[in-house]
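Encoded as structure tokens, the structure appears first; notes follow it.
The values are calculated or read from the model by the stated rules, or taken from the named source; none is laboratory data. As the structure is a prediction and not an experimental result, all values here were calculated from the model. Heads up, the Cβs are rebuilt from the backbone with ideal geometry, glycines too, and the neighbour counts pull from every protein chain shown.
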Amino acid sequence: MLPKDPNILFSLLNTRLRDFYPSLGALCDDLDEDAGELKAVMERAGYKYDIESNRFIKR
């Protein structure tokens, strides 16, 4: 289960992407999460996924 607070979620996602997953798709497949929905949640919080660096960044 992922945290609801977007700032904590930001930190958690970037840590996991850096340490364990080669892409957001791989992370979402492993955690049984919808990548589009997760991106939308993060977009509303002011973050966007950068595929080249494989992390969420502040917009």
From (1) surrounded by 11 or more Cβ atoms within 10 Å (Cβ to Cβ); (2) of a type in the set (A, V, I, L, M); (3) assigned to a loop (DSSP other than H, G, I, E, B), pick out the condition that doesn't hold for residue 1. (1)
Just one of (1) in a helix (DSSP H, G or I); (2) surrounded by 11 or more Cβ atoms within 10 Å (Cβ to Cβ) trips up residue 37, so point out which. (2)
Do any residues in the range 30-59 that are farther than 17 Å from residue 2 by Cβ and at pLDDT 95 or above have Cβ atoms under 6 Å from those of residues that are of a type in the set (A, V, I, L, M, F, W, C) and crowded, with 16+ Cβ neighbours inside 10 Å, where the two are at least six apart or on different chains, and which pairs are they? 54/17
Tally of residues being touching a strand residue (DSSP E or B) at 6+ places or on another chain (Cβ under 8 Å) and of a type in the set (Phe, Trp, Tyr) across the range 1-51: 3
Restricting to the range 44-57, and then to whatever is under 10 Å from the mean Cα position of the chain (by Cα) and either closer than 18 Å to residue 8 by Cβ or of a type in the set (A, V, I, L, M) (or both), can you tell me which residue is surrounded by the most Cβ atoms within 10 Å (Cβ to Cβ)? 56
